[in-house]
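Working notes, structure below.
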Number of protein chains: 2
Amino acid sequence: MSSHPQLCHSDCDDCPIRHRAVCAHCDSRELEELEEIKYYRSFEAGQTVIWSGDQMSFVGSVVSGIASLTQTMEDGRTQMVGLLLPSDFVGRPGREGAPYDVVATTDLVMCCFRKKPFEELMARTPHIAHRLLEMTLDELDAAREWMLVLGRKTAREKIASLLSIIARRDASLTKRGMSGPMVFDLPLTREAMADYLGLTLETVSRQISALKKDGVIHLEGKRHVTIPDMGRLMEEAGDDTDGGFLV
Amino acid sequence: MSSHPQLCHSDCDDCPIRHRAVCAHCDSRELEELEEIKYYRSFEAGQTVIWSGDQMSFVGSVVSGIASLTQTMEDGRTQMVGLLLPSDFVGRPGREGAPYDVVATTDLVMCCFRKKPFEELMARTPHIAHRLLEMTLDELDAAREWMLVLGRKTAREKIASLLSIIARRDASLTKRGMSGPMVFDLPLTREAMADYLGLTLETVSRQISALKKDGVIHLEGKRHVTIPDMGRLMEEAGDDTDGGFLV
DNA sequence: CGAGCAGTTGATTATTGTCAAGGACCGTGG
DNA sequence: CCACGGTCCTTGACAATAATCAACTGCTCG
């Protein structure tokens with residue numbers, strides 16, 4: 001109840017994700033069309049944005065905060081299958097039902113477009129479809145990167161991989177670059193990390209303690225992380241550290 | 001050396017994947033354009049089609065046979081991140097390098113388009129881009145399904161999941177439907193299955209033996225599988241067996 | 001026939017999960 | 001103010017699952 005939903009954005013020109021979201025290449029005429037079918041919605045941490053199986057009446061972009069896509073088995077085992085950060089797109093034009101639960105991991109603001117009109121606009125505007133294809137290909141790459149993490153990495157490597165991804169995303173968001181020590185707050189609970197990595201929360205906790213003991217990371221409190229040497233972390237993650245930096 | 005590469009296809013009208021591939025919705029004029037930039041290539045089982053990191057000069061569709069996308073870590077651990085069946089698309093218009101190795105798992109025929117001209121055609125032909133988006137979204141769904149398998153399922157469930165997917169794909173290809181016992185040949189070695197499932201080949205072998213002992217599957221030789229009760233297999237896979245059949 | 005490959009099976013070890021107890025922090029209400 | 005309950009996290013003891021190492025079978029091909 002502490003956060004007061006802010007539904008007062010309205011101008012795409014001021015939008016923090018203007019240049020990265022699905023609308024990135026839209027001209028001002030197209031933005032006007034989008035403004036007519038868009039609306040903002042806020043969610044508190046923990047709220048479910050979309051239930052798996054539900055009809056979807058909108059598609060949209062994450063403006064601020066973090067959402068997760070999760071799949072759940074009958075017996076309760078759950079696996080996170082996507083982490084949605086600002087500018088990421090939610091929903092599939094041309095599809096009816098939602099295949100996964102979408103949950104607000106932190107407080108969340110979404111820019112929603114009514115689905116039907118958006119689909120029509122997309123049909124008339126090839127470069128929106130093109131941008132969406134581009135973003136979907138990126139998501140597919142990210143998903144495949146995670147398949148390697150899930151299938152072949154050890155618990156320690158999994159944690160290091162997650163930390164390195166969060167660190168890089170944070171760096172690209174705050175434009176602080178990747179030289180020198182990196183500092184950020186973990187946006188996920190231990191349990192959410194476990195669901196992302198296919199581990200138990202106990203194992204997550206143990207491996208974080210181990211990385212801390214070995215000086216790979218520093219912790220203040222439970223969430224505030226400092227990474228003194230990014231190269232070291234990437235070695236721990238089992239990633240290629242030499243050669244060009246991955247974006 | 002036993003299979004003699006057949007490079008004699010040329011007419012899209014007779015193409016076995018005509019209605020499912022990226023060209024599914026093309027009219028005859030567009031097909032003519034495609035015919036001009038296309039060529040067929042054959043690969044033997046085990047050959048590498050594209051090396052990770054290489055420049056890609058073509059994109060294309062699997063016509064017959066099976067290819068796999070794999071990622072490899074420096075120390076040799078490998079994870080399969082995609083299984084490409086007839087009609088599946090290879091390559092990413094708009095991107096330079098290949099992010100994964102593409103390997104022919106069986107003898108393979110590909111319908112290749114020269115990349116540049118294909119990209120130009122795509123820019124002029126929105127519905128090709130649209131079809132590609134549709135196929136990419138399907139791949140993304142499949143990848144996320146696998147993330148659940150990799151992250152949360154037991155070895156036995158993983159094997160059952162793989163068998164049920166192969167069985168369903170085979171059924172949709174041969175149009176034999178899913179009622180009654182299903183019969184097919186495994187197109188993968190134990191090692192390839194292990195790479196797909198994030199297991200060792202020994203564990204794959206043991207779990208297949210266990211499923212056979214328990215009557216969930218029958219085996220003739222090492223590759224010929226009969227599934228007497230598909231519902232039983234899907235229970236073993238931990239999948240929702242009630243409710244609508246997943247496509 | 002022997003080499004080589006794909007697969008199976010056994011013995012043992014290692015990693016991670018499970019179960020259990022307890023600590024740190026936070027807001028609430030007496 | 002402090003006790004209470006709740007959530008999130010940590011740590012320990014133990015168990016289970018899958019990996020590793022190793023031997024061996026059966027088949028195919030030259």
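Quick one: pull the percent of accessible area on segment B:154-236 belonging to carbon and sulfur, 1.4 Å probe, ligands and nucleic acids left out. Intermediate values should be presented prior to the final figure.
On the way: 2030 of 3960 Å².
Heavy-atom surface of segment B:154-236 belonging to carbon and sulfur, 1.4 Å probe: 51 percent.
In peptide A:128-134, what is the residue-averaged number of other protein chain Cβ atoms found within 10 Å of each Cβ? Don't skip to the end; give the middle numbers.
Details: counts 0, 6, 9, 0, 5, 11, 6.
For this peptide, the per-residue mean of nearby foreign Cβ atoms is 5.
So who's got an amide H within less than 5 Å of the one on B:Leu84, skipping anything under 5 residues away but keeping other chains? H placed 1.01 Å off N, in plane.
B:Ala67, B:Ser68, B:Leu69
Rounded to the nearest 100 Å², what is the buried accessible area between B and A, both sides summed, probe 1.4 Å? Don't jump to the answer; show the numbers that get you there.
Values: alone 13640 and 13680 Å², together 23170 Å².
Summing both chains' loss of accessible area gives about 4200 Å².
Calculate, for chain A, the solvent-accessible area per residue in square angstrom, rolling a 1.4 angstrom probe over the heavy atoms of the protein chains. Mind dumping the intermediate values first?
Numbers: 11600 Å² over 247 residues.
With all protein chains present, chain A gives 47 Å² per residue.
I want to check the label-to-label distance for B:Glu235 and A:Asp214. Put each point 7 Å from Cα in the C-beta direction and report it in nm to one decimal.
4.4 nm
How many nanometers, to one decimal and shortest first, lie between the label point of B:Glu235 and those of its other copies, if labels sit 7 Å from Cα toward Cβ?
5.2
Among the listed pairs A:Lys158/A:Lys213; A:Lys158/B:Lys153; A:Lys115/A:Lys158; A:Lys158/B:Lys222; B:Lys38/B:Lys175; B:Lys153/B:Lys213, which are separated by more than 26 Å between their Cα atoms? Mind dumping the intermediate values first?
Working: A:Lys158/A:Lys213 17 Å; A:Lys158/B:Lys153 17 Å; A:Lys115/A:Lys158 37 Å; A:Lys158/B:Lys222 34 Å; B:Lys38/B:Lys175 28 Å; B:Lys153/B:Lys213 20 Å.
Long pairs (Cα-Cα over 26 Å): A:Lys115/A:Lys158; A:Lys158/B:Lys222; B:Lys38/B:Lys175.
All other residues with a Cβ under 12 Å from the Cβ of A:Ala24 taken together, and with Lys, Arg as +1 and Asp, Glu as -1, what is their net charge?
After counting each charged neighbour, the total is 0.
Just to confirm a number: summing +1 for Lys and Arg and -1 for Asp and Glu over residues other than A:Val102 whose beta-carbon lies under 15 angstrom from that of A:Val102, what do you get? Write out the running numbers ahead of the final one.
Details: positive: A:Arg41, A:Arg92, A:Arg95, A:Lys115, B:Arg144; negative: A:Glu44, A:Asp54, A:Asp88, A:Asp101, A:Asp107, A:Glu139, A:Asp195, B:Asp141.
Result for the local shell: -3.
Can you check what the net charge comes to around B:Val81, using other residues whose Cβ is under 11 Å from the Cβ of B:Val81 (Lys, Arg +1; Asp, Glu -1)? Could the numbers behind the result be given before it?
Working: positive: A:Arg144, A:Arg152; negative: A:Asp141, A:Glu145, B:Asp101, B:Glu139, B:Asp195.
Spelling it out: positives minus negatives among the neighbours equals -3.
Could you work out [θ]222 nm for the protein assembly as shown from helices alone, using -39500 (n - 2.57) per DSSP H run of at least four and dividing by all its residues? Round to the nearest 500 deg cm²/dmol.
Working: 14 runs with 190 residues, N = 494.
Mean residue ellipticity at 222 nm (helix-derived): -12500 deg cm²/dmol.
Please compute the contact order of segment A:137-247 in relative form: average sequence separation of alpha-carbon pairs under 8 Å and at least six residues apart, divided by the residue count, as a percent. Can you show the working numbers first?
On the way: 109 pairs, mean separation 35.9, N = 111.
Once normalised by length, the contact order is 32 percent.
The values are calculated or read from the model by the stated rules, or taken from the named source; none is laboratory data. Remember, it's a predicted structure, so these values are computed and weren't measured experimentally. Glycine gets a Cβ as well: all are built from the backbone with ideal geometry, and neighbour counts include every protein chain shown. The area values use the complete protein model at the heavy-atom level, side chains included, leaving out ligands, DNA and RNA. Shrake-Rupley method; radii C 1.70, N 1.55, O 1.52, S 1.80 Å.
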